[in-house]
Amino acid sequence: MIQTSIITIGDELLIGQVIDTNSAWMAQQLNKSGIRVARRIAVGDVWDEIWTALDEESKHADIILITGGLGPTADDITKPLLCKYFSGKMIVDEGALQNIITIFTNIHKLPIVERNLKQAEVPDNCKVLLNKRGTAPGMWFEKGCKIFISMPGVPHEMKGMMLDDVIPLLNNYFQFPHIAHRTLLTAGVGESFLADLMVDFEKELPTNIKLAYLPNYGMVRLRLSSTGSAIQSTEDEIQQYFITLQKIVAEFLVTTEDEPMQQVVANLLKARHQTISTAESCTGGYIAHLLTEKAGASSYYSGSIISYSYNAKESLLDVNHSILETKGAVSEEVVIQMAKGALQSLRTDYTIAVSGIMGPDGGMKDKPVGTVWIAVGNSDKILTEKFTFRFDRTRNIELTATNALNMLRKYILSLS
């Protein structure tokens, strides 16, 4: 099978200042075209390290994709390094030069400095990939039977180049197999328990179909993957095993699509032409953020009341002062009143209310860090549940949001 490696370049990736989202996005797009990514590596802006990475990855891969280091500043050394690596010499590419002039004069209306014009220089032995979204051109090199492709590290620019040029060119150059995936989401069950359920199923899988377990925030995704030369037969075969998989986990099944919990809830609400609001304390609007990530959320999401303080809970959600004083903000009584207040103020079909102690401090003997009360429901009935998470602040917030959305999902389905 044709193997692909991704090399991302930049000190900022290695010190954690910037998260490498490029590799994940690239791998997803490549996979859709049947292009398997076997290795991913990040290196700093260091000549010897980049050179060694090119040598090493070319031993394992047929295609080496490189992002980063093509800017106009002194630390952008990828282009001169590639020129030397492939024994070329620098020339001005007229297409890249005109692209730079157009961007600066017609679009940004800014003066062009020599540093910008030098970005039009490329090794004479590469195929130039025009950057329609920026000034740094991409470069395609061939060495023996290996393909090396260098692209900008700016995500927006890299994505345009990948979709417009790189993937179409690779599909013309190679004949890739078809890769099929089927993914479902489970909740309320652990990875180990699922693995026990899958023992016989996994024994029956043919060698070309693999089962992967992807646990995250109280849920586990199960993914079947298959590779084959014929599209239809590959899709048909994996679908049969996917149907069996659904039956095995039916008790814990959330969705048979590769989608997050918030999308599952959104789909339920849209299908029923119903709406939701949120009353958030400890999550600070994170549930609202999840529900509004995708366009069209206004059809099912009305708004959120972020009531972090006692005063906000009282004035915005009509939570009783005496209950706050006697029971505390993190209590069943308070989240019930928060939920009722949101329903009254925002006039939605359903609501979610959360209040908790996310940490790292603020915990008490009877309410340790990670204690969360969640309420979901409608004007007829409010359901509550207490959770005790044991992680850091960020993960506690994410777990609260996921469990709140799952509680609402189950409540909506119970009314069907």
Note to self: Among (1) of a type in the set (Val, Ile, Thr); (2) modelled with pLDDT under 95; (3) assigned to a helix (DSSP H, G or I), there is one condition Thr52 misses while meeting the rest; what is its number?
What the structure shows: (2)
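For Asn125, are the conditions met, namely being closer than 24 Å to Asp45 by Cβ, in contact with a helix residue (DSSP H, G or I) (Cβ under 9 Å, 6 or more places away or on another chain) and at pLDDT 95 or above? Working first, answer last.
Details: closer than 24 Å to Asp45 by Cβ: yes; in contact with a helix residue (DSSP H, G or I) (Cβ under 9 Å, 6 or more places away or on another chain): yes; at pLDDT 95 or above: yes.
Yes: the conditions hold for Asn125.
Kindly check whether there is at least one residue in the range 11-22 that is among the hydroxyl-bearing types (Ser, Thr, Tyr), on the phi < 0 side of the Ramachandran plot, surrounded by 15 or more Cβ atoms within 10 Å (Cβ to Cβ) and in the same structural domain as Val128 (by TED's automatic domain parsing).
no
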Check: Do any strands (runs of 3 or more DSSP E) entirely within the range 128-216 hold 3 or more residues that are within 30 Å of Lys247 (Cβ to Cβ) and within 22 Å of the chain's Cα centre (by Cα), and if so, which?
Finding: 178-187, 209-216
Notebook entry, point to check: List the pairs whose first member sits in the range 62-86 and is within 11 Å of Gly138 (Cβ to Cβ), whose second member is part of a loop (DSSP other than H, G, I, E, B) and charged (D, E, K, R), and whose Cβ atoms are under 7 Å apart, counting only residues at least 6 apart or on separate chains?
Noted result: Leu70/Asp76
Check: Only one residue in Met358, Met338, Met364 is out of contact with any Pro (no Cβ under 9 Å at 6 or more places or on another chain) and farther than 18 Å from Thr283 by Cβ, so which one is that?
Finding: Met364
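Looking at this structure, is Gln263 surrounded by 13 or more Cβ atoms within 10 Å (Cβ to Cβ) and not acidic (Asp, Glu)? Give the steps one after another, and end with the answer.
On the way: surrounded by 13 or more Cβ atoms within 10 Å (Cβ to Cβ): yes; not acidic (Asp, Glu): yes.
Yes, satisfied.
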Check: Considering only the range 140-153, how many residues are touching a residue at least 60 places away in the same chain (Cβ under 8 Å) and either surrounded by 22 or more Cβ atoms within 10 Å (Cβ to Cβ) or touching a helix residue (DSSP H, G or I) at 6+ places or on another chain (Cβ under 9 Å) (or both)?
Finding: 9
Margin query: Just checking, does the range 166-175 include any residue being closer than 24 Å to Asn22 by Cα and surrounded by 18 or more Cβ atoms within 10 Å (Cβ to Cβ)?
Written below: yes
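Quick one: is Thr388 touching a residue at least 40 places away in the same chain (Cβ under 8 Å) and among the polar types (S, T, N, Q)?
Working: touching a residue at least 40 places away in the same chain (Cβ under 8 Å): no; among the polar types (S, T, N, Q): yes.
So Thr388 does not fit the description; no.
Can you tell which of Thr402, Thr394 is surrounded by fewer than 19 Cβ atoms within 10 Å (Cβ to Cβ), within 26 Å of the chain's Cα centre (by Cα) and either in the same structural domain as Ala339 (by TED's automatic domain parsing) or under 14 Å from Glu332 (Cβ atoms) (or both)?
Thr394
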Note to self: Name the residue that is surrounded by the most Cβ atoms within 10 Å (Cβ to Cβ), counting only residues in the range 106-127 that are touching a strand residue (DSSP E or B) at 6+ places or on another chain (Cβ under 8 Å) and either of a type in the set (A, V, I, L, M) or not in a loop (DSSP other than H, G, I, E, B) (or both).
What the structure shows: Val122
Next item on the list: Could you grab me the full set of residues in the range 174-207 that are over 30 Å from Ile147 (Cα atoms), touching a residue at least 40 places away in the same chain (Cβ under 8 Å) and of a type in the set (Gly, Ala, Ser)?
Entry: Ala187, Gly188
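Yes or no, residue by residue, for (1) among the hydroxyl-bearing types (Ser, Thr, Tyr); (2) at positive phi; (3) assigned to a helix (DSSP H, G or I); (4) at pLDDT 95 or above:
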position	(1), (2), (3), (4)
Ser302	yes, no, no, yes
Tyr308	yes, no, no, yes
Asn311	no, no, yes, yes
Glu314	no, no, yes, yes
Val319	no, no, no, yes
Leu324	no, no, yes, yes
Val330	no, no, no, yes
Gln337	no, no, yes, yes
Note to self: Being basic (Lys, Arg) and out of contact with any helix residue (DSSP H, G or I) (no Cβ under 6 Å at 6 or more places or on another chain) is the requirement here; does Lys132 meet it?
What the structure shows: no
Notebook entry, point to check: Just for the range 31-48: of the residues that are more than 26 Å from Gly134 (Cα to Cα) and surrounded by fewer than 15 Cβ atoms within 10 Å (Cβ to Cβ), which one is nearest to the chain's Cα centre (by Cα)?
Noted result: Arg39
Note to self: Six or more apart or on different chains, Cβ atoms under 6 Å: show the pairs whose first residue is in the range 356-369 and touching a residue at least 60 places away in the same chain (Cβ under 8 Å) and closer than 21 Å to Ala404 by Cα and whose second is among the aliphatic types (A, V, I, L, M) and not in a loop (DSSP other than H, G, I, E, B).
What the structure shows: Gly356/Val372; Met358/Ile397
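For the range 218-248: of the residues being within 23 Å of the chain's Cα centre (by Cα) and not polar (S, T, N, Q), which is modelled with the lowest pLDDT? Walk me through it before giving the result.
At the first step, the residues of the range 218-248 found to be within 23 Å of the chain's Cα centre (by Cα) are 218-226.
Retained after the next criterion (residues that are not polar (S, T, N, Q)): 218-224.
Details: Gly218: 81, Met219: 92, Val220: 96, Arg221: 97, Leu222: 98, Arg223: 97, Leu224: 98.
So, considering only residues that are within 23 Å of the chain's Cα centre (by Cα) and not polar (S, T, N, Q), the one modelled with the lowest pLDDT is Gly218.
Listed here are the residues, each with its yes/no results for (1) among the charged types (D, E, K, R); (2) farther than 27 Å from Asp11 by Cα.
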residue: Ile63; (1), (2): no, no
residue: Asp75; (1), (2): yes, no
residue: Lys84; (1), (2): yes, no
residue: Glu94; (1), (2): yes, yes
residue: Leu117; (1), (2): no, no
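The values are calculated or read from the model by the stated rules, or taken from the named source; none is laboratory data. Quantities reported herein were computed from a predicted structural model and do not represent experimental measurements. Please note: Cβ atoms are built from the backbone with ideal geometry, for glycine as well, and neighbour counts cover all protein chains shown.
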